[in-house]
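The structure under discussion appears below in the form of structure tokens.
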Amino acid sequence: MSSYESAKAIFADWGVDTEAAIDRLKTIPISMHCWQGDDVVGFERQTGNSGGGIQATGNHPGRARTPDELRADLEFAYSMIPGSHRLNLHAMYLDSEEAPDRDEIEYRHFAPWVDWAKDQGLGLDFNPTFFAHAKADDNLTLSHPDQGIRDFWIEHGKRTREIAARMGAELGSAVVNNIWVPDGYKDIPIDRMSARKRLEASLDTMLSAPQDKAQMLDAVESKLFGIGVEACTVGSHEFYMGYAIRRGTVLCLDMGHFHPTENIADKLSAVALSVEEILLHVSRPMRWDSDHVILLNDDILAMAQEVVSTNLLERTHIGLDFFDATISRTAAWVIGTRNMQKALLRALLLPLERLKQAETDLDFTTRFVMTEELKDLPFGAVWNEFCKRMDRPTGLTLGQELDTYQSAVAGRG
């Protein structure tokens, strides 16, 4: 008997169908983020500070310097990841001989990405880029006191929505257009209310043109703090939670954008009562929003279990957001994305109805015994079978593939 057949029988004893779990996992796309591949540099000819605490540390060889190099790295990464997935693209990653400013970008500047996505069978997601620009050096954009600067960023946001909608129409899959701004203050402000009113008004103007939700979904993303905005973040969780409820947008929960001791998994069922759809940015904050590559740790397992156990998979868009330049960038993509999939698989392999019934019966002893004993089940054998069926490597073979590719790109200047 193979290790998978043995595992299948063991899970069956618990009332779990491993075949159903594998089939379900195949259908769950992960939106892999382009900015891990080049340390959040992008392909513009703009100047400006990153802002809002965005910083990739390290100088590992092999950083992608052009759209073609980035796409080649992405293609390799996807070839190591089972399933069909998406790419999350920032507006600073345009592919064009032109050098438009942020308020001048158009669909044609991103058309090569759409053509590539069609060829690769990928969906796309999109983000306006409100940082790394001279007009964002004060760490204020949509909430800036200067109307001219606000208008610049409002126009940028309008254009990204139009571009995202065209992408969605071309690909036949709705593009999540996620809005995050770095706005905040390094020291204690006197008037938080005015800044938040300006942000709200700017967002309202930016989102005023209706778009077909079958092509594009608006999402808003909060943050706790960042370097340069330690005292006040204008777009806090409370701000965007209320905004998403009032305006009917998707709400983005970034695991790195809260206090490190907060349980982000706990927030899912709470916000799901008030918003239709949720966007996850899965990351690993170590001391702050440091965006380490995600591990298969308790935080990720809890997040996946909450999404599955509360039947939120159909209402949740899962994206990744980490960047580490101290290790191979492609390896970071591959291991991070696979860890998210492993966490989802583990959740799908739990006897959730039995666990829920024990909880409903207030039988916390049974719940405790089951959750601990379940940790010993052969999840790895089911994961290996999933990868085998999708012709993706595991174990030492995966490590060899990652090393070989890294050696091939290490000579990039």
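The values are calculated or read from the model by the stated rules, or taken from the named source; none is laboratory data. It should be emphasised that the depicted structure is a prediction, and the values quoted were computed from it without experimental measurement. As a convention, Cβ positions derive from the backbone with ideal geometry for all residues, glycine included, and neighbour counts pool all protein chains shown.
Side notes on the structure shown:
- Residues located in segment 158-198, provided they are of a type in the set (Ser, Thr, Tyr) and closer than 27 Å to Phe126 by Cβ: Thr160, Ser173
- The residues of segment 60-76 that are under 19 Å from Thr404 (Cα atoms) and over 16 Å from the mean Cα position of the chain (by Cα), listed by number, are His60, Pro61, Gly62, Arg63, Ala64, Glu69, Leu70, Arg71, Ala72, Asp73, Glu75, Phe76.
- None of Ile278, Ile245, Ile264 is among the β-branched types (Val, Ile, Thr) and more than 27 Å from Met167 (Cα to Cα) except Ile264.
- Within segment 224-241, the set of residues being farther than 18 Å from Ala270 by Cα and charged (D, E, K, R) comprises Glu230 only.
- The numbered conditions (1) outside any helix (DSSP H, G or I); (2) more than 20 Å from Glu104 (Cα to Cα) are all true for Leu142 except (2).
- Pick from segment 193-211, criterion hydrophobic (A, V, I, L, M, F, W, C) and in contact (Cβ under 8 Å) with a residue 60 or more places away in the chain, ranking: surrounded by the fewest Cβ atoms within 10 Å (Cβ to Cβ): Met206
- Residues within segment 23-62 that are modelled with pLDDT under 95 and of a type in the set (Lys, Arg), tallied: 1
- Checked against the criteria, Thr66 counts as within 21 Å of Phe126 (Cα to Cα) and modelled with pLDDT of 95 or more.
- Of all residues in segment 91-118 being among the charged types (D, E, K, R) and assigned to a helix (DSSP H, G or I), the one that is surrounded by the most Cβ atoms within 10 Å (Cβ to Cβ): Arg102
- Restricting segment 222-231 to residues that are more than 20 Å from the chain's Cα centre (by Cα) and among the aliphatic types (A, V, I, L, M), the residue that is surrounded by the fewest Cβ atoms within 10 Å (Cβ to Cβ): Ala231
Each row is one residue, and each column tells you yes or no for (1) crowded, with 17+ Cβ neighbours inside 10 Å; (2) small (Gly, Ala, Ser).
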| site | (1), (2) |
| --- | --- |
| Pro145 | no, no |
| Ser173 | yes, yes |
| Asn177 | yes, no |
| Asp191 | no, no |
| Lys213 | no, no |
| Val220 | yes, no |
| Thr233 | yes, no |
| Tyr243 | yes, no |
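- Comparison of Phe130, Phe76, Phe152 shows that the only residue that is touching a Lys or Arg at 6+ places or on another chain (Cβ under 6 Å), at pLDDT 95 or above and buried (at least 17 other Cβ atoms within 10 Å of the Cβ) is Phe152.
- Within segment 378-413, considering residues that are in contact with a Leu (Cβ under 9 Å, 6 or more places away or on another chain) and in a helix (DSSP H, G or I), the one farthest from Ala77 (Cα to Cα): Phe379
- Residues of segment 69-90 classified as within 24 Å of Pro128 (Cβ to Cβ), aliphatic (A, V, I, L, M) and assigned to a helix (DSSP H, G or I), total: 2
- Flag if Leu251 is among the aliphatic types (A, V, I, L, M) and under 18 Å from the mean Cα position of the chain (by Cα): yes
- Applying the set (1) in contact with an Asp or Glu (Cβ under 9 Å, 6 or more places away or on another chain); (2) surrounded by fewer than 17 Cβ atoms within 10 Å (Cβ to Cβ); (3) of a type in the set (A, V, I, L, M, F, W, C) to Phe323 leaves exactly one unmet item: (2).
- Scanning segment 251-282 for residues that are farther than 19 Å from Ser31 by Cα, in a loop (DSSP other than H, G, I, E, B) and of a type in the set (A, V, I, L, M) yields Leu273, Val275.
- Whichever residue in segment 3-26 is outside any helix (DSSP H, G or I) and in contact (Cβ under 8 Å) with a residue 12 or more places away in the chain and, among such residues, is nearest to Leu124 (Cα to Cα): Val16
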